[in-house]
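The values are calculated or read from the model by the stated rules, or taken from the named source; none is laboratory data. Nothing here was measured: the structure is a model prediction, and the numbers come from that model. A quick note on method: Cβ atoms are made from the backbone with ideal geometry, for glycine too, and the neighbour counts reach across all protein chains shown. Surface areas here come from the heavy atoms of the whole protein model, side chains and all, with no ligands, DNA or RNA. Shrake-Rupley method; radii C 1.70, N 1.55, O 1.52, S 1.80 Å.
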Amino acid sequence: SFDEAERTLAAASGLAGDDELVARLTTVRRRNLFRGLRREAEATAVAEQALARLRARTAVDEVRAGEAEVLAISGLPQQAFTVVATIDATTPRLRVLAAIPRAIALAMTGQTSEAIALSEQAFEEHLALGEDLGIAAPGTHLVNQQFAMSQAGRLDEADAKGRQWFEVAARSRIPLGVMWIGLHLARCAVLRGQPRSALEWARRVRSAIDTSGLEGLRPATDAAAAMAHGVLGDAESSARCADQVDDATTGFGYLAPELPLARAWALIAAGQYDPARRLLVEAAESAEQLAHLPAAAWLLHDAARIGAADVAGRIESIASRCDSELVAARAAHAAALSAVDTWQLAAAGERFAKIGARLLAAEAFAAAADASRRDREQRRAAALDQRAGELVAQCEGAITASLAGAGTVVPLTEREREIAVLAAAGQSSRAIAEGLFLSVRTIDNHLGRVYDKLGVSNRAELASVLDRTRGDR
């Protein structure tokens, strides 16, 4: 009840006299204004007024910890680090307060091991504080840990722990926990290649947002849904969610660099690969400038998945500044795609499979199979196709251009795969031609070659073959 809380806190702030009480009221009031009501200017003014009154060092540091939290959630990790460094965190309370922004900033910048360890320690120290007033709930550290684990590539662990924490929040009727944990479960499901699960988590989060009014999480929730619809090939639903992301003004900055993925996947689902590639590459540059390294790698890697050239080196550079296994696997996959190397692609597939990124693993193995067929290594190609199919069967009906034609005796070209996916999804030749800036005749010629290679004669049969080769029964 953010509005009611603000009225009560504003009245209490005028009555507070000692520094400790002023600091604690300021911490809670700024968090409510910033996180709950998204009134950032007022949140800043409240803190500035408090700092002008405070004399005690611990009270000043508490308010400064809140400043660092605002900076971190606003997506400014370097500025958050600078403020945290000024805090004398020798008391358990200040260590807990300072750990919140520091863990978020560490995860954003790809220092995931430290972020996870810090969140775990802060959670234990927070519980030891008991019923301390004027501080976020202990579950805040679990949310930060979940975010850091997904950034690190510990996807199965992030999913399993997130589900446990979500059920606790749901049973205890803690809407903030439901929304924050549910959002990261949706993001994690996208990363794991489980689009239908992502849509279900997004639905549950949206329902909680509608009830509570915590609008700051809506854009990221809609972005996860847009990506999920895009991976399922539902261009219309993906575009609708992307429109909501584009129209939003209340999101939290720490997830903002990921938001362009929504529009990119809407474009990909519609077969508009060139604008999607441009969008992803440009967005990655902005993310990297803000030091959001795992987000930048995600954007560039998705561009590589749809044929962007000259991005492998950039992802490798980002990986050298992170400790994230997910970022490292993205770099290896992009390099293997550039080299069209069977063994590198298969190795990338194994790395993705090990961390739970099943759709990415399936794509890597499918590309390795295609490379093997080009080398006339049919037995090896069959084994790689089987591995890809096993993984795709766990991906809840996901369909991407990289998987179209997997398992065929004669490999499809990249353009043929793009057109086959769109045709199988029900798009007419004219619609495909307009999306790819080609003539209808060119599309029909490509489709003719696809039909010959796959042994089919129409779109219905094409969709059936692609379903079988994806392992989607």
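A simple count of charges around D234, restricted to other residues whose Cβ falls under 12 Å of its Cβ and scoring Lys, Arg +1 and Asp, Glu -1, yields +1. Distance between the C-alpha centres of region 163-235 and region 333-352: 31 Å, rounded to the whole angstrom. Taking Cα centre as origin and charging only the Cβ of basic (Lys, Arg, +1) and acidic (Asp, Glu, -1) residues, the dipole magnitude of the chain rounds to 760 debye. The apolar share of the surface of region 100-223, taken as the fraction of accessible area on carbon and sulfur atoms (1.4 Å probe, ligands and nucleic acids excluded), comes to 52 percent.
Per-residue ellipticity at 222 nm from helix content only, as computed over the chain with -39500 (n - 2.57) for each DSSP H run of at least four residues, stands at -23500 deg cm²/dmol. The local environment of D302, defined by Cβ-Cβ distances under 10 Å, has a net charge of +3 under the rule Lys, Arg +1 and Asp, Glu -1. Label separation (R171 vs E461): 5.5 nm, computed from points 7 Å beyond Cα along the C-beta direction.
Which value in Å is the Kirkwood Rh of region 92-178 over different Cα pairs? Show your work: numbers first, answer last.
Working: mean 1/r = 0.0766 Å⁻¹.
That comes to 13.1 Å for region 92-178.
All C-alpha to C-alpha distances of region 1-151, sorted into 10 Å bins beginning at zero, yield P(r) values of 12, 43, 36, 9, 0 percent in whole numbers. For region 160-238, the equivalent ellipsoid built from the Cα gyration tensor has semi-axes of 21, 14, 8 Å, listed from largest to smallest.
With the whole protein complex present, C241 retains an accessible surface near 10 Å², based on a 1.4 Å probe. Contact order, relative form, for the chain: 11 percent (alpha carbon pairs under 8 Å, 6 or more residues apart, mean separation divided by residue count). Axis of helix 235-247 versus longest Cα principal axis of the chain: the two differ by about 30°, to the nearest ten degrees.
Counting heavy atoms of the protein chains alone, L9 has an accessible area of about 20 Å² for a 1.4 Å probe.
Take every Cα-Cα pair in region 303-347 and report what % of them are more than 18 Å apart. The partial results should precede the final answer.
Values: 215 of 990 pairs.
Result: 22 percent of Cα pairs exceed 18 Å.
Annotation: extensible slack from R240 through S286 equals 14.1 nm (criterion: 0.36 nm per residue apart, minus Cα-Cα distance). Dividing the convex hull volume of the alpha carbon atoms of region 364-443 by its residue count gives 89 Å³ per residue. Taking the chain as the reference, fit the longest principal axis to its C-alpha atoms, fit the long axis of helix 2-13 to the helix C-alpha atoms, and give the angle between the two in degrees, 0 to 90, nearest 10. Orientation of helix 2-13: about 30 degrees from the principal axis.
Remark on region 173-212: hydrodynamic radius 9.8 angstrom, per the Kirkwood mean of 1/r across alpha carbon pairs.
PRE reach from E40 (point 7 Å along Cα→Cβ): which of region 76-103 fall under 13 Å by backbone N? Residues 76-77 qualify, since their backbone N sits under 13 Å from the label point. Relative to the longest principal axis of the Cα atoms of the chain, the long axis of helix 112-128 lies at roughly 40 degrees. Taking a point 7 Å from the Cα of S338 along the Cα-to-Cβ direction, none of the residues of region 355-372 has its backbone N closer than 17 Å to it.
Computed from the Cα positions only, the extents of region 250-408 along the three principal axes stand at 51, 33, 26 Å, in decreasing order. Panel values: region 26-111, Kirkwood radius from alpha carbon pairs, Stokes-Einstein at 20 °C and 1.002 mPa s, translational diffusion coefficient 168 µm²/s. Accessible surface ranking for V392, V190, V340, 1.4 angstrom probe, highest first: V340, V190, V392.
May I ask you to give the solvent-accessible area per residue for region 11-69, in square angstrom, as obtained with a 1.4 angstrom probe? The partial results should precede the final answer.
On the way: 2720 Å² over 59 residues.
In whole numbers, region 11-69 has 46 Å² accessible per residue.
Computed on region 303-423, with alpha-carbon pairs under 8 angstrom and 6+ residues apart, the relative contact order is 19 percent. Solvent-accessible area of E390, all protein chains in place: 90 Å² (probe radius 1.4 Å, heavy atoms, ligands and nucleic acids excluded).
With semi-axes defined as the square roots of five times the eigenvalues of the C-alpha gyration tensor, the equivalent ellipsoid of the chain measures 46, 21, 18 Å, largest first.
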